[in-house]
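A.B. asks: Following this message is one structure expressed as structure tokens.
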Amino acid sequence: MLDLFSMEFMQNALVASVLVAVACGVMGTFVVVNRLMALSGGVAHASFGGVGLACFLGFSPMLGSLGFALACAMVMGFLTWRDRKHSDTFIGVIWAGGMALGVILTDLTPGYSGDMMSFLFGSLLTVPTELLWWMGALLILILATVSVCFRKFLAISYDPEFARVHGLPVQAYYMLLIALIALTVVIAVQAVGMILVIALLTIPAYIAECYAKNLIQMMLVSVGVSLVLVLCGLLLACELNFVVGPTIIACGVVLYLLNFGIKKLLKKA
């Protein structure tokens, strides 16, 4: 096992794991607090349309995924803000449409259909160095924006009506928050893929919510849990020769169940 850490692909995987864990820990907190799980899942799946478009036109799948995720997130955010009653329908249509477009375009791209699994279920062990720079830049952008707008995000998360009365442009900050979630999805897809990304966004934040007293504490605990899950999943997958993405999520499910059981026992005590 120790010999693996001397190899470049494993070093890249560890760095990518940390980047993914920090991004998901921070933004997953806002996803859980604002009940944006469905929207986050929709963005993740719809972004596959950008991957298919990039493969078909011959440019970077990372850029295609990034652009498509942001575009779909903005459309979902606008539609769900204007009509909350039909928000699930809007998300479902964009979710399915993006996935369908991605599959069709990859089918039309000679020799590329076989790589679909790495986008759907993640490919941490094949993350190249240049992709780490992209992931790092996106994480810096996310953290910088959250730092500057933290009080605004806090206000719209817990009391949007109070924020609106005090002159805060609630919709604008809501759209900005969704854009940051889209960036996080693009980063997290490298680890666990589009199918499983919603679990990595929500499980650590759910666990953190049980023990944190405020939003900052919840973020810190969520980041810590995310780091444990991603690193343990990576090492376990390498040891047992499993696929990394599903192994990370399996560790998350086990930890969630343990936490649920501990909470039940403490209530009975």
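The values are calculated or read from the model by the stated rules, or taken from the named source; none is laboratory data. Here the structure is a predicted model, which is why all the values come from computation and not from measurement. Ideal geometry is used to build each Cβ from the backbone, glycine not excepted, and the neighbour counts take in all protein chains shown. What goes into the accessible areas is simple: the full protein's heavy atoms, side chains included, and nothing from ligands, DNA or RNA. Shrake-Rupley method; radii C 1.70, N 1.55, O 1.52, S 1.80 Å.
A.B. asks: Within segment 34-52, count every residue that is buried (at least 20 other Cβ atoms within 10 Å of the Cβ) and more than 18 Å from Gln190 (Cβ to Cβ). Full working, then the answer.
C.D. replies: From segment 34-52, those buried (at least 20 other Cβ atoms within 10 Å of the Cβ) are 36, 39-52; that's our starting set.
When the remaining residues are screened for being more than 18 Å from Gln190 (Cβ to Cβ), the result is 36, 39, 42.
Result for segment 34-52: 3.
A.B. asks: Could you identify the single residue in Val189, Val103 that is in contact with a helix residue (DSSP H, G or I) (Cβ under 9 Å, 6 or more places away or on another chain), part of a helix (DSSP H, G or I), modelled with pLDDT under 90 and over 25 Å from Ala205 (Cβ atoms)?
C.D. replies: Numbers: Val189 fails: over 25 Å from Ala205 (Cβ atoms).
Every option except Val103 fails the conditions.
A.B. asks: Looking at segment 35-68, which of its residues are in a loop (DSSP other than H, G, I, E, B) and modelled with pLDDT of 85 or more?
C.D. replies: Keep residues of segment 35-68 that are in a loop (DSSP other than H, G, I, E, B), which gives 35-36, 47, 58-60.
Result: Arg35, Leu36, Ser47.
A.B. asks: Looking only at segment 163-186, count every residue that is in a helix (DSSP H, G or I), touching a Lys or Arg at 6+ places or on another chain (Cβ under 8 Å) and open to solvent by 30 Å² or more (accessible area, probe 1.4 Å) and tell me the total.
C.D. replies: So the first thing to find is which residues in segment 163-186 are in a helix (DSSP H, G or I), and the list is 163-165, 170-186.
Of the ones still in play, those that are also touching a Lys or Arg at 6+ places or on another chain (Cβ under 8 Å) are 163, 170, 173.
Adding the requirement that they be open to solvent by 30 Å² or more (accessible area, probe 1.4 Å) leaves 173.
Result for segment 163-186: 1.
A.B. asks: Just to be sure I understand, how many residues within segment 53-74 are open to solvent by 30 Å² or more (accessible area, probe 1.4 Å) and touching a residue at least 40 places away in the same chain (Cβ under 8 Å)?
C.D. replies: Qualifying residue count for the region: 5.
A.B. asks: Please verify whether segment 231-239 includes one or more residues that are touching a helix residue (DSSP H, G or I) at 6+ places or on another chain (Cβ under 8 Å), part of a helix (DSSP H, G or I) and within 24 Å of Leu39 (Cα to Cα).
C.D. replies: Taking segment 231-239 as the starting set, the residues that turn out to be touching a helix residue (DSSP H, G or I) at 6+ places or on another chain (Cβ under 8 Å) are 231-234, 236-238.
Imposing the further condition that a residue be part of a helix (DSSP H, G or I) reduces the set to 231-234, 236-238.
So of that shortlist, the ones also within 24 Å of Leu39 (Cα to Cα) come out as none.
Within segment 231-239, none of the residues are touching a helix residue (DSSP H, G or I) at 6+ places or on another chain (Cβ under 8 Å), part of a helix (DSSP H, G or I) and within 24 Å of Leu39 (Cα to Cα).
A.B. asks: Only one of these is small (Gly, Ala, Ser) and free of Cβ contacts under 8 Å to residues at least 60 places away in the same chain: Gly50, Gly122, Gly77. Name it. Explain how you work it out, then say what you get.
C.D. replies: Values: Gly122 fails: free of Cβ contacts under 8 Å to residues at least 60 places away in the same chain; Gly77 fails: free of Cβ contacts under 8 Å to residues at least 60 places away in the same chain.
None of the other options fit; the residue is Gly50.
A.B. asks: Further question: What's the number of the only condition in (1) in contact with a Cys (Cβ under 6 Å, 6 or more places away or on another chain); (2) over 20 Å from Leu143 (Cβ atoms); (3) open to solvent by less than 10 Å² (accessible area, probe 1.4 Å) that Cys232 fails to meet?
C.D. replies: Unmet for Cys232, out of (1) in contact with a Cys (Cβ under 6 Å, 6 or more places away or on another chain); (2) over 20 Å from Leu143 (Cβ atoms); (3) open to solvent by less than 10 Å² (accessible area, probe 1.4 Å): (3).
A.B. asks: Let me ask something else. Which numbered condition in (1) out of contact with any His (no Cβ under 8 Å at 6 or more places or on another chain); (2) closer than 25 Å to Ser47 by Cα; (3) buried (at least 19 other Cβ atoms within 10 Å of the Cβ) is the only one that Met194 fails?
C.D. replies: (1)
A.B. asks: Could I ask something else about it? Under the condition of being assigned to a loop (DSSP other than H, G, I, E, B) and of a type outside the set (Val, Ile, Thr), which residue from segment 109-162 is modelled with the lowest pLDDT?
C.D. replies: Quick first cut of segment 109-162, residues assigned to a loop (DSSP other than H, G, I, E, B) only: 109-112, 122-123, 127-128, 159.
Next, from what is left, pick out any that are of a type outside the set (Val, Ile, Thr): 110-112, 122-123, 128, 159.
On the way: Pro110: 73, Gly111: 65, Tyr112: 57, Gly122: 74, Ser123: 76, Pro128: 83, Asp159: 85.
Only one residue fits best here, namely Tyr112.
A.B. asks: Follow-up. I'd like to check something: does segment 256-263 contain any residue that is without any contact (Cβ under 8 Å) to a residue 40 or more places away in the chain and open to solvent by less than 80 Å² (accessible area, probe 1.4 Å)? Walk me through how you get there before you give the answer.
C.D. replies: To start, the set of residues in segment 256-263 that are without any contact (Cβ under 8 Å) to a residue 40 or more places away in the chain comprises 257-258, 260-262.
After this cut, where a residue has to be open to solvent by less than 80 Å² (accessible area, probe 1.4 Å) as well, the list is 261.
The answer is yes; a qualifying residue exists.
A.B. asks: Just to be sure I understand, how many residues within segment 1-34 are under 17 Å from Val192 (Cα atoms) and assigned to a loop (DSSP other than H, G, I, E, B)?
C.D. replies: 0
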